[in-house]
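Trainee: Mind looking over this structure? Questions follow.
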Amino acid sequence: MTTLVFTHPACLEHDNGPGHPESPARLRAVLEALHQPRFEALGWREARRASDEEIERVHAPSYLAQVMHAVPATGRVSLDLDTAVSAGSGEAALRAAGAVCGAVDAVAAGEGANAFCAVRPPGHHAERDRAMGFCLFNNIAIGALHARAKHGFKRAAVVDFDVHHGNGTQDSFAADPDLFYASTHQWPAYPGTGAADERGAAGNIVNVPLAPYSGGPEFRAAWSRTILPALADFAPDFILISAGFDAHANDPLASLELEDDDYAWVTAEIAKIAKEKCAGRVVSALEGGYDIHALASSAAAHVAALMKA
Ligand SMILES: [Zn+2]
């Protein structure tokens, strides 16, 4: 069985404005990297739209309506200091969340071994009723709750190696002992959440903050010693990955010092636990990553590791 890639051209039409780091060029670079000959075995799928019902498992109905109504015919409307919507943003956001739901459906049905969602806007900062940090809908949390509601995977886990803490995902999961969220992230940094003592209702939240200029060895130690054992203990029925690549050494927005190999390593380790605990079921979705070349090469390393899993 192969690795599936879910994407949609609409995800290129969301425009935060000139000079904004979360640009369509990011996704174009990832798609180009995944069309190299070594990725020939990938199974490409068009992302569907998420339904209102799927989005409203995570977001307030009033917030979904607010985002869709904010979408302008031309120009841009700001929803947050650094998050805007343009004419293409509504469709992009529905396809980004729908990609993760569709990927969950496909992996649950055994159509692929695992899946990567090459989408934007990203999602892990989006809260129940708030757009934040380039994120409109929390794609990964929507996918996790979809896995549970639609397919009966009771215990869903999200692991997050984006350089920023996924405050939105943590918020959605913290009170529910059957949901698990774990993250490494630079500390201090945006958005300011993710202290090690934020543990959720049942120890189901695991945060490992890393000091600026921590590199691969510190990152791998955090996963080996803390996150991977906690993930295995949680015994997930489904694992989702918030795959941001902004902890890369070349990223302009942060200063962890990861290399492509670190992403290949962590992906393989997560996949190992997925094999042991949940028949290999893994769905990953693109979050951050703002150096175009580092993003493309590290996303490629991540997907290559999924293919080998
Ligand atoms: Zn990030």
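Trainee: Being without any contact (Cβ under 8 Å) to a residue 12 or more places away in the chain and open to solvent by 20 Å² or more (accessible area, probe 1.4 Å) narrows it down to one of Ala264, Ala279, so name that one.
Mentor: Numbers: Ala264 fails: without any contact (Cβ under 8 Å) to a residue 12 or more places away in the chain.
Being without any contact (Cβ under 8 Å) to a residue 12 or more places away in the chain and open to solvent by 20 Å² or more (accessible area, probe 1.4 Å) holds for just one of Ala264, Ala279, which is Ala279.
Trainee: Additional query: Looking at (1) within 19 Å of the chain's Cα centre (by Cα); (2) open to solvent by less than 40 Å² (accessible area, probe 1.4 Å); (3) farther than 30 Å from Arg76 by Cα, find the lone condition where Ala195 falls short.
Mentor: Single failed check for Ala195: (1).
Trainee: Yes or no: Asp176 within 16 Å of the ligand (Cβ to nearest atom) and charged (D, E, K, R)?
Mentor: Working: within 16 Å of the ligand (Cβ to nearest atom): no; charged (D, E, K, R): yes.
In short, no.
Trainee: Could you list all residues from the stretch 179-192 that are within 16 Å of the ligand (Cβ to nearest atom) and within 17 Å of the chain's Cα centre (by Cα)? Quick ask: steps written out before the conclusion?
Mentor: Kept after step one, since they are within 16 Å of the ligand (Cβ to nearest atom), are these residues of the stretch 179-192: 181-192.
Selection gives Tyr181, Ala182, Ser183, Thr184, His185, Gln186, Tyr190, Pro191.
Trainee: As an exercise: evaluate Ala47 against (1) of a type in the set (A, V, I, L, M); (2) closer than 19 Å to Gly168 by Cβ; (3) touching a residue at least 12 places away in the same chain (Cβ under 8 Å) and give the number of the one condition it does not meet.
Mentor: (2)
Trainee: Could you go through the stretch 226-249 and let me know if any residue there is of a type in the set (Asp, Glu), touching a helix residue (DSSP H, G or I) at 6+ places or on another chain (Cβ under 6 Å) and within 16 Å of the ligand (Cβ to nearest atom).
Mentor: The initial filter retains those residues of the stretch 226-249 that are of a type in the set (Asp, Glu), namely 233, 237, 246.
Subset that is touching a helix residue (DSSP H, G or I) at 6+ places or on another chain (Cβ under 6 Å): 237.
From what is left, the residues that are within 16 Å of the ligand (Cβ to nearest atom) are none.
Looking for residues that are of a type in the set (Asp, Glu), touching a helix residue (DSSP H, G or I) at 6+ places or on another chain (Cβ under 6 Å) and within 16 Å of the ligand (Cβ to nearest atom), one finds none in the stretch 226-249, hence no.
Trainee: Right, another one. Name the strands (runs of 3 or more DSSP E) wholly inside the stretch 1-84 in which the number of residues that are over 29 Å from Arg148 (Cα atoms) and open to solvent by less than 80 Å² (accessible area, probe 1.4 Å) is 3 or more. Write out each step before concluding.
Mentor: Values: elements: 3-7, 43-46, 76-80.
Strands (runs of 3 or more DSSP E) meeting the threshold: 76-80.
Trainee: Could you check the stretch 259-309 and list, in sequence order, the residues that are among the hydroxyl-bearing types (Ser, Thr, Tyr) and more than 16 Å from the ligand (Cβ to nearest atom)? Break it down into steps so the answer makes sense when it comes.
Mentor: Here is the first cut: in the stretch 259-309, the ones among the hydroxyl-bearing types (Ser, Thr, Tyr) are 263, 267, 284, 290, 297-298.
Residues satisfying the conditions are Thr267, Ser297.
Trainee: Please report, ordered by residue number, the strands (runs of 3 or more DSSP E) entirely within the stretch 89-186 with at least 1 residues that are at positive phi, open to solvent by 10 Å² or more (accessible area, probe 1.4 Å) and of a type in the set (Phe, Trp, Tyr). Explain how you work it out, then say what you get.
Mentor: Working: elements: 114-117, 156-160, 179-186.
Per the criteria, no element qualifies.
Trainee: Does the stretch 201-219 include one or more residues that are closer than 19 Å to Ala274 by Cα, among the hydroxyl-bearing types (Ser, Thr, Tyr), open to solvent by less than 20 Å² (accessible area, probe 1.4 Å) and touching a residue at least 24 places away in the same chain (Cβ under 8 Å)? Steps first, answer last, please.
Mentor: Pass one, the stretch 201-219, residues closer than 19 Å to Ala274 by Cα: 204-206.
Still in the running and among the hydroxyl-bearing types (Ser, Thr, Tyr): none.
Scanning the stretch 201-219 turns up no residue that is closer than 19 Å to Ala274 by Cα, among the hydroxyl-bearing types (Ser, Thr, Tyr), open to solvent by less than 20 Å² (accessible area, probe 1.4 Å) and touching a residue at least 24 places away in the same chain (Cβ under 8 Å).
The values are calculated or read from the model by the stated rules, or taken from the named source; none is laboratory data. Source: prediction; values computed, not measured. So basically every Cβ, Gly included, is an ideal-geometry build from the backbone, and we count neighbours across all protein chains shown. Side chains included, ligands, DNA and RNA excluded: accessible areas come from the protein's heavy atoms. Shrake-Rupley method; radii C 1.70, N 1.55, O 1.52, S 1.80 Å.
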